[in-house]
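Notes to accompany the following structure.
Only the coordinates and a few stated rules stand behind these numbers; no lab work does. The structure displayed is predicted, hence computed values, not measured ones. So basically every Cβ, Gly included, is an ideal-geometry build from the backbone, and we count neighbours across all protein chains shown.
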Amino acid sequence: MYQSSTIDHRIDHFGRTLRRQLKRLYGDVHDVDDLWERVEEILRARHEDRSAALRDLDATRAADPNWFVAPEMLGYSTYIDRFASTVPGLEQHVDHLEALGVRYLHLLALLKARKGDSDGGFAVADYLSIEPALGTMADVERLAAQLRKSRISLCVDLALNHTSDDHHWALAAKAGDPLFRDFYIVVDEETARLREKDLSQVFPGTAPGNFTHVPEMGGWVWTTFYPFQWDLNWANPKVLLAILDAMLRLANHGFEAFRFDSIAFLWKEAGTDSRNRPAAHHIVRALRAALDIAAPATLIKAEAIVPTAYVPPYFGADEGEGFEAECHLVYNNSLMVAGWVALSEGDAALPEAIIQASGGLPPGANWLSYVRCHDDIGWSSVLNDLASFDPKPIERLTQAARFTEGRQGSWACGEAFQSDGASVHGTNGTLASLAGLERATDEQSRDAALRRIRLLNALSIASGGLATLFMGDEAGLLNDHSYLNDPQRRHEGRWVHRPDMDWEALDKPTARRIISDINALRDARIASGGAGGPEAFDTGHPALLGVRCGSDLVFLNFSATPISVVLPTDCSDRLIGRPIDRQAILKPWDVLWAGVSE
Ligand code: GLC
């Protein structure tokens, strides 16, 4: 319907959704017609700036809005400096991404960040510049175009919840400019104390509390994360206008996807935990409608690391006015955690429950599945899911976290992430270290670790999401403790799993095997035709997870013991490309991808 549509058509169509969000968000206090006029001006101006090549892309994508929900989609996420030093440097490594079959590339810490500690680039000092040491926006435009030729879509983080304390908005606020002061949330000591009672802490060890006293601001600035990350005041419509404009300008530089960072936190509401508030969804819907109008080729990926039940609404919802879309992609954090819990317990119950809870996607949407990313494994998002079949979910998660940390006779080698003691601690570590490769002392334990790596990659790929690899995991890179020597990073345990890419490791047997397993899994998924919402089937064995991928049946053995299965007739093993016997045996941590002829 929209492929030949003009901006006027799109304003007419998506503008209604956008206006509705303005009314919901600001209608009580502000003149919505006036606001809409300013929004429309931005939409038209940014669309006017959009290059012919990107407008062509808009038309191509609009003609095939499900383009990213396809079996061949595979993602890769990396810190650009650790992967390729600079943006131009990355151009030399596109062949590696192509060989993996990558179609979507998320570059971390690309935008200009705060000087000094910047929370891995998530304290953004300027949404519209590239971190100077990495290159320029012109370099990024060239890279994006090169990637597009290789059918790889470039994704950048858009930190929506906060700017750094040296963003020019924050500097102006500190200098006393009332316009920018109102971009942030400043409260007095008593209010901060009261609010704190309802809030939980993201970094209780390194950044306790949710407010930071800033004398120049004459009070306490809301800082959910680090004290230098100042939460934006989205109740002020000028924040929406400023971010919307920055987002569209970035899209015009060639980014095809935005990772909306920390979106659960956008709306603060007294007397609540200020997470997942309805208004946070209205903000995201407004931004989505703006992209649908002015840069419709662009995808939004939601990062909402919250309990499972709160996650699907980030795809969008119907509040009585028809379905209002939010994000095209949403991290399936719960499935990632469930994979690690299952591995630590030798029991597939949790991933099965999460898969049941992850179905029913709206059209033009998919999960982003993954095994590891740049953050820790935070376990508490699956607490309620576990509680549905286990009366002691906290104890169970604590055990899983301890096991993954390397205690309790485990083969894993991880590190506890900070915790406030009230909840289960998170765990840091690379995929290879957490799966046992670091501790493997002989061929047998090495082989077992490599099977566990394949098992988790299989869960991510077979479950139908846009499976996204994290840098270095394809090479089996181990935990890297060098961050401890860097005063700006040594307090942050997450750096242990953000090593420099080791290009030489790629020629070694470990990397060759992991990559060949990933290739085989990806090829199997393509052959199965499966993508989109995951579906589980009952295998009759508690340690054996059954995932339906397209027409295929994928069996994942999460236990340390062999399991036998009876297959339908005429199956072939997609991973080795041979017919298989009806009665098959899966080794410990083995994967059997049974291609079922229709
Ligand atoms: C997101 C990022 C994380 C960062 C936080 C604050 O959760 O993934 O790395 O610390 O937001 O920006």
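Figures for the structure shown
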item: Cα-based shape type of the stretch 44-135, given that a ≥ b ≥ c are square roots of the gyration tensor eigenvalues and the cut on a/c is 1.5; result: oblate
item: Convex hull per residue volume in Å³, alpha carbons only, for the stretch 69-219; result: 156
item: Linear extension gain, E196 paired with E504, 0.36 nm per residue minus alpha-carbon span; result: 106.0 nm
item: The chain: relative contact order in percent, alpha carbon pairs under 8 Å with at least 6 residues between; result: 13
item: Theoretical FRET efficiency, 1/(1+(r/R0)^6), r = Cβ-Cβ of N66 and Q488, R0 30 Å, to 0.05; result: 0.10
item: Selection from W67, I80, H30 lying farthest towards where the dipole of the stretch 1-112 points positive, charges on Cβ; result: H30
item: Rounded to the nearest 20 debye, dipole of the chain from Cβ charges on Lys, Arg, Asp, Glu; result: 640
item: Of the trypsin sites (Lys or Arg not before Pro) in the stretch 487-541, those whose Cβ has at most 15 other Cβ within 10 Å and which sit in DSSP loop; result: R490
item: Placed amide H near L469: partners under 5 Å, 5+ positions off or other chain; result: G75, Y76, S77
item: Solvent-free Debye scattering, log10 I(q)/I(0), computed from the Cα coordinates of the stretch 535-596 at q = 0.12, 0.13, 0.16 Å⁻¹; result: -0.24, -0.28, -0.43
item: Residues K174, K587, K197 arranged by fewest to most Cβ contacts within 10 Å; result: K197, K587, K174
item: Within the stretch 535-596: Cβ-based charge dipole about Cα centre, in debye rounded to nearest 20 (Lys, Arg +1; Asp, Glu -1); result: 120
item: Theoretical FRET efficiency, 1/(1+(r/R0)^6), r = Cβ-Cβ of R513 and R151, R0 30 Å, to 0.05; result: 0.70
item: For the stretch 208-301, alpha-carbon Rg relative to the globular expectation (2.2 N^0.38 Å, N residues); result: 1.20
item: N233 paired with F323, simple spin-label distance in nm, labels 7 Å along Cα-to-beta-carbon; result: 3.8
item: Residues S388, S358 arranged by fewest to most Cβ contacts within 10 Å; result: S388, S358
item: Paired Rg and Dmax values of the chain, which use every Cα atom, in angstrom; result: 23.6, 75
item: For the stretch 168-231, size of Cβ-based charge dipole, Lys and Arg +1, Asp and Glu -1, in debye; result: 120
item: Span from the the stretch 423-478 Cα centroid across to the the stretch 316-354 one, whole angstrom; result: 20
item: Interchain or long-range residues, amide H under 5 Å from A304's placed H; result: Y331
item: Segment D538-D34, length gained on full extension (0.36 nm per residue, minus Cα span); result: 175.8 nm
item: Estimated vicinal HN-Hα couplings, Hz - the stretch 570-579 in sequence order (Karplus 6.51, -1.76, 1.60; Gly, Pro = x); result: 6, 9, 10, 7, 5, 7, 10, x, 9, x
item: Cα-based convex hull volume of the stretch 168-231 per residue, rounded to whole Å³; result: 74
item: Neighbour-count ranking [beta-carbon atoms within 10 angstrom, fewest first] of R451, R16, R396, R578; result: R578, R16, R451, R396
item: Inter-part distance where the stretch 154-230 and the stretch 274-302 are each reduced to a Cα centre, Å; result: 22
item: Under-5 Å amide H pairs with E324, H placed in peptide plane, nonlocal only; result: A317, D318, E319
